[in-house]
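A short worksheet on the structure shown next.
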Amino acid sequence: MPYANVGPVAVPEELSDEQVLFLTDVLPTSYWGATNANVKIGDTVVVLGCGPVGLMAQKWAAYLGAGRIIAVDYIDYRLKHAKKHNDVETLNFEDYDNVGEYIKEITNGGADVVIDCVGMDGKMSGIERIETLLKLQGGSKSALEIATQAVRKGGIVSIVGVYGARYNNFPLGDFFARNITLKMGQCPAHSYIHPILELIKAGKIDPTDIITHKLPLDKGEYAYEIFDAKKDGCIKVILKP
């Protein structure tokens, strides 16, 4: 096995598979998104997206001391999950003509930090759909457009959602004009595994509430279907042989 002396991590016997499973991706990515944004005690933090990474980013923002956390999505069951398990404010962006401007209003000038956990899979406009099909666009940039308006002057936007190729009408000028710091990239996941593992062992973070379905391995196709299509209240599926 290549790099067997580097990649694998021994799991303490006292921890369940569910507690440590997300150390491979969701936990490091969400933690990095919050720490890379320099979330500080008392900060107002907006998290775009209430999928697995977004939900965990909300937990990490709270762990780091954020005073106010606002979760944004358009799928009601994910917003309800965020409110129930993470005790955050929630906004369905489809309820607003411009949710970014609304956030700016209710936060008196914008959030200190916006964490984009959506990426190119955000809800696309009709033009973006056409451009993406023609390979002229790398996917949606709707989350970034919300971020330009929701973040305060001099604030930080941390991008952990994956983006594709190049983007037409990228709102660079909006960020530039308001002195926004953009921080982004692929999380160096392995370097965060041991610190997060210690927090799980100490009971300071619990990732298990994002698990909504436990299915046998032979239901794998169905699991992918409900996750991709956002059916049956699905947030995260684990397959158990």
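The values are calculated or read from the model by the stated rules, or taken from the named source; none is laboratory data. Computed from a predicted structure; not experimentally measured. Glycine gets a Cβ as well: all are built from the backbone with ideal geometry, and neighbour counts include every protein chain shown.
Here is a list: Ala62, Ala147, Ala71, Ala143. Which entry is closer than 28 Å to Thr212 by Cβ and touching a helix residue (DSSP H, G or I) at 6+ places or on another chain (Cβ under 6 Å)? If you could, list the steps in order and put the result at the bottom.
Details: Ala62 fails: touching a helix residue (DSSP H, G or I) at 6+ places or on another chain (Cβ under 6 Å); Ala147 fails: touching a helix residue (DSSP H, G or I) at 6+ places or on another chain (Cβ under 6 Å); Ala143 fails: touching a helix residue (DSSP H, G or I) at 6+ places or on another chain (Cβ under 6 Å).
None of the other options fit; the residue is Ala71.
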Check: Just one of Gly155, Gly185 is exposed (fewer than 13 other Cβ atoms within 10 Å of the Cβ), out of contact with any Phe, Trp or Tyr (no Cβ under 8 Å at 6 or more places or on another chain) and under 20 Å from Gly49 (Cα atoms); which is it?
Finding: Gly185
Item checked: helices (runs of 4 or more DSSP H) wholly inside the stretch 1-118 that include at least 1 residues being modelled with pLDDT under 95 and either in contact with a Cys (Cβ under 8 Å, 6 or more places away or on another chain) or of a type outside the set (Gly, Ala, Ser) (or both) -> 17-20
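Filter the stretch 42-81 down to the residues that are of a type in the set (S, T, N, Q) and over 17 Å from Val160 (Cα atoms) and list them by number. Before you say what the answer is, go through the steps one by one.
Just the residues of the stretch 42-81 that are of a type in the set (S, T, N, Q), to begin with: 44, 58.
Matches in the stretch 42-81: Thr44 only.
Against the condition of a type in the set (Ser, Thr, Tyr), more than 19 Å from Thr29 (Cβ to Cβ) and at pLDDT below 85, how does Thr148 come out, does it pass?
Numbers: of a type in the set (Ser, Thr, Tyr): yes; more than 19 Å from Thr29 (Cβ to Cβ): yes; at pLDDT below 85: no.
So Thr148 does not fit the description; no.
Does Gly164 qualify as being crowded, with 21+ Cβ neighbours inside 10 Å and more than 20 Å from Asp43 (Cα to Cα)? Spell out the reasoning first.
Details: crowded, with 21+ Cβ neighbours inside 10 Å: no; more than 20 Å from Asp43 (Cα to Cα): yes.
Against the criterion (crowded, with 21+ Cβ neighbours inside 10 Å and more than 20 Å from Asp43 (Cα to Cα)), Gly164 does not qualify.
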Check: Say we look at the stretch 170-214 and pick out the residues that are under 19 Å from the mean Cα position of the chain (by Cα) and charged (D, E, K, R); which of these is nearest to Val237 (Cα to Cα)?
Finding: Asp209
Next item on the list: Considering every residue within the stretch 14-30, establish whether at least one is surrounded by 18 or more Cβ atoms within 10 Å (Cβ to Cβ), under 14 Å from Ala143 (Cβ atoms) and not hydroxyl-bearing (Ser, Thr, Tyr).
Entry: no
Next item on the list: Please tell me if Lys135 is out of contact with any strand residue (DSSP E or B) (no Cβ under 9 Å at 6 or more places or on another chain), within 29 Å of Ile238 (Cβ to Cβ) and part of a loop (DSSP other than H, G, I, E, B).
Entry: no
Note to self: Out of Leu217, Leu197, I need the residue that is outside the structural domain of Leu27 (by TED's automatic domain parsing), in contact (Cβ under 8 Å) with a residue 12 or more places away in the chain and either of a type in the set (Ser, Thr, Tyr) or surrounded by 15 or more Cβ atoms within 10 Å (Cβ to Cβ) (or both). Which one?
What the structure shows: Leu197
Next item on the list: Just need a number here: residues in the stretch 123-150 that are within 16 Å of Gly164 (Cβ to Cβ) and touching a residue at least 60 places away in the same chain (Cβ under 8 Å).
Entry: 1
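Given Pro241, Pro171, which one is at pLDDT below 95, within 25 Å of Thr44 (Cα to Cα) and of a type outside the set (Phe, Trp, Tyr)? Lay out the reasoning, then the answer.
Numbers: Pro241 fails: within 25 Å of Thr44 (Cα to Cα).
Going through Pro241, Pro171 in turn, the sole match is Pro171.
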Checklist line | Counted residues, the stretch 42-90 - those being polar (S, T, N, Q) and either over 15 Å from the mean Cα position of the chain (by Cα) or surrounded by 24 or more Cβ atoms within 10 Å (Cβ to Cβ) (or both) | finding: 2
